[in-house]
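Novice: Provided herewith is a single structure, encoded as structure tokens, for subsequent inquiry.
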Amino acid sequence: MQLDDLNGIAEKHKSSRKKIIVRTCMSAGCMSSQADVIKKNLEAEAKAQGLDADVEVRRVGCMGFCGQGPLVGVDQNGEHGLWEFVKPEDAPRIIGALKGNKCDVQRGDPKHPFFAKQMHIVRANGGIIDPERIEDYIAIGGYTALHHALTELKPPQVVEEVTKSGLRGRGGAGFPTGLKWGTVAKSPGAKKYIVCNGDEGDPGAFMDRSVLESDPHLVLEGMAIAAYAVGADQGYLYVRAEYPLAISRLQIAIKQAKQLGLLGAGIFETPSNFNVDIRIGAGAFVCGEETALMASVEGKRGTPRPRPPFPAESGLWGCPTLINNVETFANISAIINRGGAWYAGIGTEKSKGTKVFALTGKIKNNGLIEVPMGIPLRQIIMEMGGGAPDGREVKSVQTGGPSGGCIPADYLDTPVDYESLTKLGSIMGSGGMVVMDDSTNMVEIAKFYMEFCMEESCGKCIPCRAGTVQMFNLLEKITQRKATARDLAKLEELCDMVKNTSLCGLGQTAPNPVISTLKFFRKEYEALLQPDPFGPNSNGAAKPTELATK
Amino acid sequence: MNTTLAVPPKTRLQSVLDHASGDKRFKILEVHMKKHQFRQDALIEVLHKAQELFGYLEDDLLLFISAKLKLPPSRVYGVATFYHFFQLKPQGEHTCVVCLGTACYVKGADKIISGIQEKYKIKSGGTTADNKLSLLTARCIGACGIAPAVTYDGHVSPKQTIESALEKIKIWI
């Protein structure tokens, strides 16, 4: 396989395209509403109405507007149409509409602010290409970045380009990607590994699932470029078992890429080798932490270990290992193709590029959005998301899952970047954005997250294992209206202790939802407190005067 | 695994291997292990396959895997119990998995759970006495755009309510 062959495949595929393309979203969300039947019906109907010479019914990945699904998109005469809430029996009318017939299926607006305010890098091909056909990916310029890197750039130049882009880890912590790559590249060792973290455990987040389901080759290409840059020849893609569709599409993608010589030995007829294996997770939130994830890849219990040594120096089986998130890898091919300087031009001073968010919860427009960094929260929630449904008010926005915090509605003008969110006591996280309306009880939400952390604690270090249980019990006591001010003080003390003494990110961030709701919604906690039978200033022990009289 | 203590381990392993030779599923599992060259780091992959074949991971099955991969039984048991995805008890005829991700929770998944619990007198993670229904919870199945989501026998259904959930289950029972 050489560049000419790649271009040949692209040209051949483009010339075989039909005039009208009907795109059926077949991502996990729409699939649950019979998207597979819809596609079958559309195909049959196109044939029945004599349009099969002009119409291609294409399986595509996530279009983003999941709350309005199942979605069907139409590209006809250079115009894009969208149908929402499609049912299998709507197929005849949708195909009929291609001929100009009237159709009463709900029409979506591709110019809706939900779409108009987005900027696509990671999700550029989502909802456009068929994720199960490598030709589709190649036809829109896929694998050219890998070719460019392998044949025209030296490994340090690739690292430099990524450093120049200012890309930061999209898994949540925001570590500069170029720096990480440079460290792994410099680490001595003949064997190095690449790991893609697709263990998207945050409840309320599904960006990585969507990227893997809609555009698996984009992630594979990013991993292959990373492998070349750091000198690795083996990669692992760690995906949650809860995402069966993503796993099967990745398996197909790896097989296709190997067949074309884009993965495996001698990529693009250069001396570079890169193999990718899929590792399926088994339902443990802690495995999103990099050292726990590596233990899991090695087939062990997913418990974290202290750092240093960092995985970049000693990771899988003691070898230097580069671990990046799915979304981080998905940014790479665009950076190589268009240059680090272009990427650095998007976003804010310290947070570059775009970020994908899963906008869910009590909000009118549910779904997946990709926006440039630095966009104010208000634009995302109010304009793109349309605010809370049923005439209610937005009360707060939760970002970062169980490791993040709740941002109250008063702070909606905050720009979305790593530093601003951290300042508010939340984090960027992997990109979950759950909106809560004024009917939500914030103490219950804090309890919900604490229960999650309690059950997901791996049990290795005591602050997290015992602390989360105690904090959950205290929160339960508060919600049952049995707690006093003293319990609240104890809760705050425990938050501080668990945060500062836990071994890994899970424990260190587990108190965040409590700390942030206490910071902004303290009144809700206090309203549930009972008067202290021993007086407001007591520590619960018997008073010295009482002891003296006994 | 408690019973392991009562029987000397060697004879128990022998009886497991004897039993395994008559069961086709063990053969399929062994082929799968061979595909991974009996590598010990493929343990989680092997457990996934075993659960797919047998429905759940019983003690003898774990012992079989530990013997074939040359791993201590404690290590296999430790991994099987660590991950939520692995079931060590048999499931009911039908399973109903309610997603308890944040988006589903905010939209009332907790009410769906308590509704089912009340109606069928089971706890989450439990199975009804007639072995018809297992009620499980999931951490987040990534279908947040269509919250609250419930998985009935492996098929995800969007935007569920207590009524729609009970109706689906009623068909089974």
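Novice: Can you tell me which of B:Pro158, B:Pro148 is outside the structural domain of B:Thr11 (by TED's automatic domain parsing), without any contact (Cβ under 8 Å) to a residue 24 or more places away in the chain and crowded, with 19+ Cβ neighbours inside 10 Å?
Specialist: B:Pro158
Novice: Let me ask you something else. Would you point out the residue of the range A:368-415, among those that are part of a strand (DSSP E or B) and of a type in the set (A, V, I, L, M), that is nearest to A:Ala205 (Cα to Cα)?
Specialist: Filtering first and then ranking leaves A:Leu368.
Novice: Just checking, which of A:Thr468, A:Thr484, A:Thr479, A:Thr501 is farther than 28 Å from A:Gly172 by Cα and at pLDDT 95 or above? Before you say what the answer is, go through the steps one by one.
Specialist: Values: A:Thr468 fails: farther than 28 Å from A:Gly172 by Cα; A:Thr484 fails: at pLDDT 95 or above; A:Thr501 fails: farther than 28 Å from A:Gly172 by Cα.
Answer to the selection: A:Thr479.
Novice: Still on this structure, I have one more. Of all residues in the range A:184-208 being away from chain B (no Cβ under 14 Å) and under 19 Å from A:Asn331 (Cβ atoms), which is farthest from the chain's Cα centre (by Cα)?
Specialist: A:Ala185
Novice: Does any residue of the range A:43-56 turn out to be surrounded by fewer than 22 Cβ atoms within 10 Å (Cβ to Cβ), of a type in the set (S, T, N, Q) and within 14 Å of chain B (Cβ to nearest Cβ)?
Specialist: No, the range A:43-56 contains no residue that is surrounded by fewer than 22 Cβ atoms within 10 Å (Cβ to Cβ), of a type in the set (S, T, N, Q) and within 14 Å of chain B (Cβ to nearest Cβ).
Novice: Could you list, in sequence order, the residues of the range A:330-376 that are on the phi < 0 side of the Ramachandran plot and within 14 Å of chain B (Cβ to nearest Cβ)?
Specialist: A:Val356, A:Phe357, A:Ala358, A:Leu359, A:Thr360, A:Lys362, A:Ile363, A:Lys364, A:Asn365, A:Asn366, A:Leu368, A:Ile369
Novice: Just one of the numbered conditions (1) under 30 Å from A:Ile363 (Cα atoms); (2) within 14 Å of chain A (Cβ to nearest Cβ) is not true of B:Ala50; which one?
Specialist: It is condition (1) that B:Ala50 fails.
Rundown of residues vs (1) in the same structural domain as A:Asn500 (by TED's automatic domain parsing); (2) in contact (Cβ under 8 Å) with a residue 40 or more places away in the chain, yes/no style:
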| position | (1), (2) |
| --- | --- |
| A:Gly387 | no, no |
| A:Gly431 | no, yes |
| A:Glu444 | no, no |
| A:Ile462 | yes, no |
| A:Gly467 | yes, yes |
| A:Asn473 | yes, no |
| A:Glu476 | yes, no |
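Novice: Could you list all residues from the range A:115-141 that are among the small types (Gly, Ala, Ser), over 18 Å from A:Cys30 (Cβ atoms) and either in contact with a helix residue (DSSP H, G or I) (Cβ under 7 Å, 6 or more places away or on another chain) or in a loop (DSSP other than H, G, I, E, B) (or both)? Steps first, answer last, please.
Specialist: Pass one, the range A:115-141, residues among the small types (Gly, Ala, Ser): A:116, A:124, A:126-127, A:139, A:141.
Narrowing further to those that are over 18 Å from A:Cys30 (Cβ atoms): A:116, A:124, A:139, A:141.
Across the range A:115-141, the qualifying residues are A:Ala124, A:Ala139, A:Gly141.
Novice: Report, by residue number, each residue of the range A:75-112 that is buried (at least 19 other Cβ atoms within 10 Å of the Cβ) and either part of a loop (DSSP other than H, G, I, E, B) or touching a residue at least 40 places away in the same chain (Cβ under 8 Å) (or both).
Specialist: Residues satisfying the conditions are A:Val86, A:Asp90, A:Ala91, A:Ile94, A:Ile95, A:Leu98, A:Gly108.
Novice: Another question, if that's okay. Just for the range B:104-136: of the residues that are within 10 Å of chain A (Cβ to nearest Cβ) and either β-branched (Val, Ile, Thr) or not in a loop (DSSP other than H, G, I, E, B) (or both), which one is farthest from the chain's Cα centre (by Cα)?
Specialist: So the first thing to find is which residues in the range B:104-136 are within 10 Å of chain A (Cβ to nearest Cβ), and the list is B:104-107, B:110.
Checking which are either β-branched (Val, Ile, Thr) or not in a loop (DSSP other than H, G, I, E, B) (or both) leaves us with B:104-106, B:110.
Details: B:Cys104: 22, B:Tyr105: 23, B:Val106: 26, B:Asp110: 22 Å.
Applying the filter and picking the extreme gives B:Val106.
Novice: Is one or more of the residues making up the range B:92-106 touching a Ser or Thr at 6+ places or on another chain (Cβ under 8 Å), surrounded by 17 or more Cβ atoms within 10 Å (Cβ to Cβ), of a type in the set (Phe, Trp, Tyr) and outside the structural domain of B:Lys27 (by TED's automatic domain parsing)?
Specialist: No, the range B:92-106 contains no residue that is touching a Ser or Thr at 6+ places or on another chain (Cβ under 8 Å), surrounded by 17 or more Cβ atoms within 10 Å (Cβ to Cβ), of a type in the set (Phe, Trp, Tyr) and outside the structural domain of B:Lys27 (by TED's automatic domain parsing).
Novice: Sticking with this structure for a sec: Can you tell me which residues in the range A:251-305 are within 23 Å of A:Glu213 (Cβ to Cβ) and either assigned to a loop (DSSP other than H, G, I, E, B) or not assigned by TED's automatic domain parsing to the domain that holds A:Glu221 (or both)?
Specialist: Matches in the range A:251-305: A:Leu260, A:Leu262, A:Leu263, A:Gly281, A:Ala282, A:Gly283, A:Ala284.
Novice: Somewhere in the range A:308-319, is a residue in contact with an Asp or Glu (Cβ under 9 Å, 6 or more places away or on another chain) and assigned to a helix (DSSP H, G or I)?
Specialist: Within the range A:308-319, the subset in contact with an Asp or Glu (Cβ under 9 Å, 6 or more places away or on another chain) is A:310-311, A:315-317.
With the extra rule that they be assigned to a helix (DSSP H, G or I), the set shrinks to A:316-317.
Looking through the range A:308-319, at least one residue is in contact with an Asp or Glu (Cβ under 9 Å, 6 or more places away or on another chain) and assigned to a helix (DSSP H, G or I).
Novice: Grab the helices (runs of 4 or more DSSP H) fully contained in the range B:30-82, keeping just those with 2 or more residues being within 15 Å of the chain's Cα centre (by Cα), closer than 17 Å to B:Val16 by Cα and in contact (Cβ under 8 Å) with a residue 12 or more places away in the chain.
Specialist: Correct list: B:43-54, B:59-68.
Novice: Filter the range A:15-36 down to residues that are of a type in the set (Val, Ile, Thr) and surrounded by fewer than 23 Cβ atoms within 10 Å (Cβ to Cβ) and give me whichever is farthest from the other protein chains (Cβ to nearest Cβ).
Specialist: A:Ile20
Novice: Right, next: All but one of (1) more than 25 Å from B:Ala143 (Cβ to Cβ); (2) within 14 Å of chain B (Cβ to nearest Cβ) hold for A:Ala232, so report the exception by its number.
Specialist: Going through (1) more than 25 Å from B:Ala143 (Cβ to Cβ); (2) within 14 Å of chain B (Cβ to nearest Cβ) one by one, A:Ala232 breaks only (2).
Novice: On to the next question. Of all the residues that make up the range B:137-173, how many are touching a His at 6+ places or on another chain (Cβ under 8 Å) and at the interface with chain A (Cβ under 10 Å from one of its Cβ atoms)?
Specialist: Adding up the residues that qualify gives 1.
Novice: In the range A:422-439, which residue that is more than 12 Å from chain B (Cβ to nearest Cβ) and under 22 Å from B:Cys140 (Cα atoms) is farthest from the chain's Cα centre (by Cα)? Walk me through how you get there before you give the answer.
Specialist: Step one: filter the range A:422-439 for residues more than 12 Å from chain B (Cβ to nearest Cβ), giving A:422-428, A:438.
In the following step, the residues that additionally are under 22 Å from B:Cys140 (Cα atoms) were identified as A:426-428.
Working: A:Ser426: 16, A:Ile427: 14, A:Met428: 11 Å.
Residue satisfying both the conditions and the ranking: A:Ser426.
The values are calculated or read from the model by the stated rules, or taken from the named source; none is laboratory data. Worth saying up front: this structure is predicted, and the values here are computed from it rather than measured. Using ideal geometry, Cβ is built from the backbone for each residue, glycine included, and neighbour counts are taken over all protein chains shown.
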